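A quick write-up on the structure given underneath.
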Amino acid sequence: MLARYLACVSLGVLYSLMVIGGYVSAAGLGLTCPDWPLCPSGLWPTEQYMVEWVHRVVAMFTGMLVVATAVACWRARERVGPATVTSTAAAAFVATQITLGALVIDQKLHAILVTVHFGIGILLFASALLTVIFVFGLSRRREPSLRAGA
């Protein structure tokens, strides 16, 4: 099932994005690229914008993967109800993150916006993790295949 592959890849790339975002924040590099969505140097950044640019590029790929996962869950023949819900929630959180990311830059790293951006990122990660759990059926109770005396 394509949804399984996409869910796993999305979760891994999303985790990488969160690590990069944490580095950007902790190193004080959040405004090294003060324009959004591009840096002042255009599509390909100069060295001074590289870390923030990498964060944005990984975010773009993450967003595409999360949306693709939601589409795959909706289109799957053996649709898994909870995975469809969690992947759709993850896609909604991606849209929210894009908006918040732009606002964080526009508002020059306003503390409340940065905190909300981080919080939505945690919700996005939780939704992506739940999607992986649901597409693999790990949340189902296992019943014994052979019953004693049957």
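Computed from the coordinates by the stated procedures, all read-outs in this text should not be read as laboratory data. Treat the numbers as computed from the prediction; the structure is a model and nothing was measured. Counting neighbours? That spans all protein chains shown, and the Cβs are built from the backbone with ideal geometry, glycine included.
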Test: residue in segment 57-80 that is more than 17 Å from ALA7 (Cα to Cα) and either among the aliphatic types (A, V, I, L, M) or in contact with a helix residue (DSSP H, G or I) (Cβ under 8 Å, 6 or more places away or on another chain) (or both): yes
Residue, nearest to VAL24 (Cα to Cα), within segment 97-134, restricted to residues that are of a type in the set (S, T, N, Q) and without any contact (Cβ under 8 Å) to a residue 60 or more places away in the chain: THR115
Checking VAL57 against (1) over 18 Å from VAL135 (Cα atoms); (2) in contact (Cβ under 8 Å) with a residue 24 or more places away in the chain, the condition it does not meet: (2)
Search result, residues across segment 60-81 that are among the hydrophobic types (A, V, I, L, M, F, W, C) and touching a residue at least 40 places away in the same chain (Cβ under 8 Å): PHE61, LEU65, VAL66, ALA68, ALA72, CYS73, ALA76, VAL80
